[in-house]
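Visitor: Just dropping this structure here.
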Amino acid sequence: MVKISVLQHNPALHVPIRPGDPTPVQRNLNPSMHPFAKARERTRALNAAKLDKIFSKPFVDSLEGHIDAVEVLTKPLESLTTVASGSWDGGLILHNLHTRSEMLKLPQAHKGKISGLCFADPKGSRLLSCGVDRNVRLWKVGTGDGEDDSGASSQEPLHVYPWKTSFNSIDHHRSDPLFATASSTVQIWDETKSAPVSNLTFPTSNETVSSVRFNLAEPSVLASVGSDRTFTLYDIRTGKAERRVVMQFRSNALAWSPTLPTMALLASEDHNLYTFDVRHMAAPVQIYKGHVAAVMSCEWAPTGVEFVSGGWDRTVRIWSSREAGGKEKGPGGREVVYHTKRMQRVTSTIYSSDARYVLSGSDDGNVRIWKAKASDKLGVITARERASMEYRESLVKRWSVDKDVGRVMRTRHLPKSVYKAGQLKHTMLEARRVKDERRRKHTRAGEQKPVAEKKKTVITEQS
Amino acid sequence: MDALIARADTIRPLSELKVVKTRDSGKGKAKANSKGKSKDTSTSNSDYTLQSISSHANVPKSLAPLDPSSSKSKNDEVPKYNHIANKKLRSQLVHQHALNSNLSKNALETQQNLLSLAADDAGSIQVTGPLEKTWRISQDEIVASVGGEAVKGRRELTFGPGQGAKRMKWSQNGRHLVFISGKGGTKVSSVDWMGGNVNCEVDLLAGSNLAGAGGNGGGGEAARDVTFLQDQSFFAVAQKRNVFVYDRDGVEVHRLNNIIDPLRLDFLPWHWLLVAVTNSGHLSYTDTTTGTQIAVHRTKLGACNTLTQNRHNAVVHLGHQNGCVTLWTPNLPKPAVQILSHMGPVTSISVNPSDGGSAGSVNMPGRYMATAGRDGKIKIWDCRNWKGVVREWAVRGAGDVELEWSQKGYLGVLSGGSVNVYHPPHIVTPYTGSSSSSAPPLYLSHPIPHKPLQCLRFEPFSDVLAVGHNKGLSSILVPGVGEPQFDSLEADPFENAKARREREVKGLLDKIQPDLITLDPSMVGKFDSAALSASGSSLVATAAQSLLDKSDKVKWGANVQVKNVGVDVPFSRMKRVERLAVQGKLDTTGAGDDSEDSDVEMKEGGDGDSDDEGGLTREEMSKKRKMRGKNKSLKRYLRKQRKNVVDPQVLAVRAKVDRMREEAKAKKLQMKTGGAGEETKRKSALDRFKAGSGK
């Protein structure tokens, strides 16, 4: 006997059992049931890339209050919200990022420009400032976190350390009551003593030191950059300069990586940023090109993967360091550029402690808050939204080699001045390169060899 | 300073960390097995830092290092990528490969589970002996033997003589049916087939009388074709003058003015394109999301009565009066493919939507096309190879033959007074018997007394075949033709209004651009090697260098494409691959040839002394020396030419020199091998007189 059966769906199985239940879903993964799966996914990836561009509004807020240009920004190690800024008019403001209010305002902390700021303890209850008025001042500041043993901050400094020369930079030792200042020399001070305890300058150096920083993992090691185009390492245990490299151009700022203890980042006058491994100082590990004017400041993200730089070209740029484990430089493989119409030369940049925000202080006297990831959504994100964001992210990553998706990710808008400067710079470098090539062509074969860019950077290494 | 460096070493490179972590996970397993030992294992692990953070730094499962033992046992073929020097990249590739294979395995398992679920639902006819024939089974028997919900599929709708269904179309999910009926095709009805409700009935005559609205005017306006758009909420009707779009309630919402006198319609669901072919032979694509006409092609083959789409690459198949079948994409003004398929007008085309049925079949979906012509033939074509038909047979009976493939690959044929359904595997297997035209074995046959039979459509996700005939519409049960397992995310017959709205929005977001329609849909996301080579990414860009050194070619293999243009790219401007190639450091070994790889390495290790000669091996060097001073005239000519001047003459001479070199080498080899060389020598007629050739 023939057995016959005919396909029949039970309608009861395809409707929710009770009202409010989710509708039953039936799947079939056979590829023939999903025509154009790849093409549709590509469309989704393209849309995701476009959405990413649409949502990328990095500017959050600007903190006003300074009369003149903001020179330095600093944050305590263990606070998410406290940021101190010092300006050219000698004003010092302690900002609360959460409420965006001023916790402390000292209009005349120093006479003339405040050139250096740092917190003396991780909690951020004491603040050290130095200025061109040849003073270092120690301030007591209330963090406003509630645990007020003596939360009120005072308008008068706790301590004043006068000296003979004006200071350029200051940094506090991580654990000991020591701090280092940079003037024409690098000096180590004890908080309890009114004169420097030691002088660490390299014997042959008689130039201005522009920035000094303690290493984050090995706090007795510090590094400085100066106008004699050097990058110098010191050890306060031996009490002298250990070694230095002389570079082609001077560096303006210096930052130690928080995760790779031997990695230092230099913001150079030649528009580039350099990472150095202090174990091998003969050449930088990586050169980061992109700025079209001198880089004035740099700072690592607390994660140690990204860093931010601010430049004379009125832009803030966020880079991803590949040697520190970053995947690429940014969307489209380049650094992310932040700019606004009113932002002038950027003199200082820092990351917030949660690595979600970037702060920049610029010549126009404002401290600006930016998102570290331009298309981040602020506020509460539901699980569904989070899932869809992650899906979009992975789609873009997967299809980034696609022509259209890649183009959307790569496209960025730059201010005309920056764009033109970049073009001009490219033309000039190209002309130089061509000239070199031609010169090489007309010399005897093998006499002139092209030098790698990294090798060109360092002129000499001394110890 | 030393302290700093020492400190730097405490944080280890990632690779080392990974090793430690895997060891750690192994211990974790041991812990699970024997709780008593857990204490000493944890204490024995000296890496305090790692332990302190391990609870906070759990890697997601997808990123966790795969267990090498499990992957090795299940996937025998994890490529080693030995040719890649970069350790990090290599491990990444291996990891990715393992992930992919895991994923595909899991997907396969899931699919099999799903299929086993669906297998209970699938319809079939099981015969017990060879004497029982499935085609003997009548519809009454089927209806009698199955029960319940399935019986509802067998319906007979009678409208009256000459008022039967002319054309019809199912919605994507197979729940709704829209068809043209009435005298002269003046009535369009949309029905909820599964629910048994009528959505709307549009009377084109009545509309003209009542409203006199632009579209329905013109008296006696007959509908030629009808199709649903994205779902049942809209359907388009090809009327005498234009294409009109009606909504679910039968209200005319659009009139497509720029399609005049349309004959056939279809809708490409993933591209949201309405395709219409007109009496004048114009094929027009209308984007239904924006209402713009994105392409109009002149077929130049006259009125076209047959239009169908390949659902897997969105190519439109047209059948013409002169027996041609043409394949169109919106991007080409000419047909992508044109074949002469029949001696006479083509009456029907259908493309197989299934991939051959069984899991793991190698067929791609949409590979086979079936055509029927007025010459009484049915032909099956292979869309990948248009040379000749796969199978053809003649049908009996007068009238136009209509045919359609079902979702499972059954072919329904409407000819004369009956519907015939054929089996999937036999339709597409080339017939090797003596007579060249023999029909495949019949699966099911159903006579319908109301001639002419006008159209047939298989209902998706169901075993129902709807047939339009002179007096009405009848649906018959054909066990096994429908896909039992539908995918709710693609098409769901039971979806509610909310799900329908959701799917519509999702579909709009995923709309594929029409310029991606090609014959090969897998083109998307593939590496375009042709474009790459056209853009000139040859490994060696300096023409002079590469032309001079033929040894380069020997060394780097066929990857090297010598550019004939005289561009002089400086070293510093070259890509990394090019630099490596110029320096002779390029690794051209593939992933597959591990054994060769090792051979090469051994050889290179053997003659390490010859590295100063630009990386030439010893053999090549000796060859080079031996060739010196021979063949003077050409060499002199070459020498006199400046080396960086590249013109055709010099190229020709160089080629000639190389050829001669090769020939000389071959000759020498022959001489050396002796006897073997004589055998390969061409025999002449006089050879038979040589001594010793008598045998």
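Visitor: Quick one: which helices (runs of 4 or more DSSP H) sit completely within the range A:356-446 and have at least 2 residues that are within 30 Å of B:GLN513 (Cβ to Cβ) and more than 14 Å from every other protein chain (Cβ to nearest Cβ)? Outline the logic, then answer.
Guide: Details: elements: A:383-398, A:403-410, A:416-441.
Helices (runs of 4 or more DSSP H) meeting the threshold: A:383-398, A:403-410.
Visitor: So which residues in the range B:129-142 are more than 9 Å from chain A (Cβ to nearest Cβ) and either exposed (fewer than 12 other Cβ atoms within 10 Å of the Cβ) or of a type in the set (Ser, Thr, Tyr) (or both), if there are any at all?
Guide: B:GLY129, B:PRO130, B:LEU131, B:SER138, B:ASP140
Visitor: Kindly check whether there is at least one residue in the range A:61-83 that is surrounded by fewer than 15 Cβ atoms within 10 Å (Cβ to Cβ), more than 10 Å from chain B (Cβ to nearest Cβ) and among the small types (Gly, Ala, Ser).
Guide: So far as the range A:61-83 goes, no, none of its residues is surrounded by fewer than 15 Cβ atoms within 10 Å (Cβ to Cβ), more than 10 Å from chain B (Cβ to nearest Cβ) and among the small types (Gly, Ala, Ser).
Visitor: Could you grab me the full set of residues in the range A:276-320 that are within 14 Å of another protein chain (Cβ to nearest Cβ) and either open to solvent by less than 10 Å² (accessible area, probe 1.4 Å) or more than 14 Å from the chain's Cα centre (by Cα) (or both)?
Guide: Scanning the range A:276-320 gives A:PHE276, A:ASP277, A:VAL278, A:ARG279, A:HIS280, A:MET281, A:VAL285, A:GLY304.
Visitor: Taking into account only those residues within the range B:365-379 that are assigned to a loop (DSSP other than H, G, I, E, B) and open to solvent by 50 Å² or more (accessible area, probe 1.4 Å), which is farthest from B:VAL467 (Cα to Cα)? It would help to see each step written out before you state the result.
Guide: Filtering the range B:365-379 down to residues assigned to a loop (DSSP other than H, G, I, E, B) leaves B:365-367, B:374-376.
Checking the rest, the ones that are also open to solvent by 50 Å² or more (accessible area, probe 1.4 Å) come to B:374-375.
Values: B:ARG374: 20, B:ASP375: 22 Å.
Taking the candidates together, the pick is B:ASP375.
Visitor: Mind counting the residues in the range A:84-112 that are surrounded by 18 or more Cβ atoms within 10 Å (Cβ to Cβ), out of contact with any Asp or Glu (no Cβ under 6 Å at 6 or more places or on another chain) and part of a loop (DSSP other than H, G, I, E, B)?
Guide: Of the residues in that region, 4 qualify.
Visitor: Right, another one. Out of B:PRO460, B:PRO521, I need the residue that is facing chain A (nearest Cβ under 9 Å), surrounded by 20 or more Cβ atoms within 10 Å (Cβ to Cβ) and within 29 Å of the chain's Cα centre (by Cα). Which one?
Guide: Details: B:PRO460 fails: facing chain A (nearest Cβ under 9 Å).
Result of the check over B:PRO460, B:PRO521: B:PRO521.
Visitor: Another question, if that's okay. One residue is enough: does the range A:117-138 have a residue meeting the conditions open to solvent by 10 Å² or more (accessible area, probe 1.4 Å), part of a loop (DSSP other than H, G, I, E, B), touching a Ser or Thr at 6+ places or on another chain (Cβ under 6 Å) and more than 21 Å from A:SER352 (Cβ to Cβ)?
Guide: Yes, the conditions are met somewhere in the range A:117-138.
Visitor: Output the residue which, of all residues in the range A:1-22 that are more than 7 Å from chain B (Cβ to nearest Cβ) and open to solvent by 100 Å² or more (accessible area, probe 1.4 Å), is nearest to B:ALA118 (Cα to Cα).
Guide: Selected residue: A:LEU13.
Visitor: Of the residues that make up the range A:239-257, is at least one closer than 30 Å to A:GLU78 by Cα, at pLDDT 90 or above and open to solvent by 30 Å² or more (accessible area, probe 1.4 Å)?
Guide: No, the range A:239-257 contains no residue that is closer than 30 Å to A:GLU78 by Cα, at pLDDT 90 or above and open to solvent by 30 Å² or more (accessible area, probe 1.4 Å).
Visitor: Right, another one. If we keep just the residues of the range B:264-303 that are in a loop (DSSP other than H, G, I, E, B) and hydroxyl-bearing (Ser, Thr, Tyr), which is most open to solvent (accessible area, probe 1.4 Å)?
Guide: B:THR290
Visitor: Taking the options A:GLU299, A:GLU269, name whichever one is touching a Lys or Arg at 6+ places or on another chain (Cβ under 7 Å), of a type in the set (Asp, Glu) and closer than 18 Å to A:GLY226 by Cα.
Guide: Going through A:GLU299, A:GLU269 in turn, the sole match is A:GLU269.
Visitor: Within the range A:392-409, track down each residue that is at pLDDT 90 or above and open to solvent by 100 Å² or more (accessible area, probe 1.4 Å).
Guide: Hits for the range A:392-409 are A:GLU393, A:ARG407.
Visitor: Do you know which residues across the range B:156-191 are touching a residue at least 24 places away in the same chain (Cβ under 8 Å), open to solvent by less than 20 Å² (accessible area, probe 1.4 Å) and either polar (S, T, N, Q) or not in a loop (DSSP other than H, G, I, E, B) (or both)?
Guide: Listed by number, the residues that qualify are B:MET168, B:SER171, B:ASN173, B:HIS176, B:LEU177, B:VAL178, B:PHE179, B:ILE180, B:SER181, B:THR186, B:VAL188, B:SER190.
Visitor: Name the residues in the range A:412-447 that are open to solvent by 50 Å² or more (accessible area, probe 1.4 Å) and closer than 24 Å to A:ARG345 by Cα, would you?
Guide: Within the range A:412-447, A:ARG412, A:HIS413, A:LYS416, A:SER417, A:TYR419, A:LYS420, A:GLN423, A:LEU424, A:HIS426, A:THR427, A:MET428, A:LEU429 meet the criteria.
Visitor: Please give the strands (runs of 3 or more DSSP E) falling wholly within the range A:148-244 in which 1 or more residues are of a type in the set (Lys, Arg) and in contact with a strand residue (DSSP E or B) (Cβ under 8 Å, 6 or more places away or on another chain).
Guide: Correct list: A:209-214.
Visitor: Would a scan of the range B:197-206 turn up a residue that is in contact with a Phe, Trp or Tyr (Cβ under 8 Å, 6 or more places away or on another chain) and within 14 Å of chain A (Cβ to nearest Cβ)?
Guide: Scanning the range B:197-206 turns up no residue that is in contact with a Phe, Trp or Tyr (Cβ under 8 Å, 6 or more places away or on another chain) and within 14 Å of chain A (Cβ to nearest Cβ).
Visitor: Next question, about the same structure. Do we find that A:HIS173 is surrounded by fewer than 16 Cβ atoms within 10 Å (Cβ to Cβ) and touching a Leu at 6+ places or on another chain (Cβ under 9 Å) in this structure?
Guide: When the stated conditions are applied, A:HIS173 does not pass them.
Visitor: Does at least one position in the range A:212-226 carry a residue that is open to solvent by less than 30 Å² (accessible area, probe 1.4 Å), hydroxyl-bearing (Ser, Thr, Tyr) and more than 14 Å from chain B (Cβ to nearest Cβ)?
Guide: There is at least one residue in the range A:212-226 that is open to solvent by less than 30 Å² (accessible area, probe 1.4 Å), hydroxyl-bearing (Ser, Thr, Tyr) and more than 14 Å from chain B (Cβ to nearest Cβ).
Visitor: For the range B:380-396, give me each residue that is among the charged types (D, E, K, R) and open to solvent by 30 Å² or more (accessible area, probe 1.4 Å).
Guide: Across the range B:380-396, the qualifying residues are B:ARG384, B:LYS387, B:GLU392, B:ARG396.
Visitor: Considering the range A:23-58 alone, what residues qualify as being open to solvent by 40 Å² or more (accessible area, probe 1.4 Å), more than 7 Å from chain B (Cβ to nearest Cβ) and closer than 17 Å to B:GLY507 by Cβ?
Guide: Scanning the range A:23-58 gives a single hit, A:ALA37.
Visitor: Which of the residues that make up the range B:76-127 are within 11 Å of another protein chain (Cβ to nearest Cβ), assigned to a loop (DSSP other than H, G, I, E, B) and open to solvent by 90 Å² or more (accessible area, probe 1.4 Å)?
Guide: B:ASP120, the sole residue that qualifies.
Visitor: Which residues, taken from the range B:143-155, are open to solvent by less than 60 Å² (accessible area, probe 1.4 Å) and of a type in the set (A, V, I, L, M, F, W, C)?
Guide: Those that are open to solvent by less than 60 Å² (accessible area, probe 1.4 Å) and of a type in the set (A, V, I, L, M, F, W, C): B:VAL143, B:VAL146, B:ALA150, B:VAL151.
The values are calculated or read from the model by the stated rules, or taken from the named source; none is laboratory data. Being a predicted model, the structure only gives us computed values, none of them experimental. Here the Cβ is made from the backbone with ideal geometry for all residues, glycine too, and neighbour counts use every protein chain on show. The accessibility values were calculated without ligands, DNA or RNA, using every heavy atom of the protein model including side chains. Shrake-Rupley method; radii C 1.70, N 1.55, O 1.52, S 1.80 Å.
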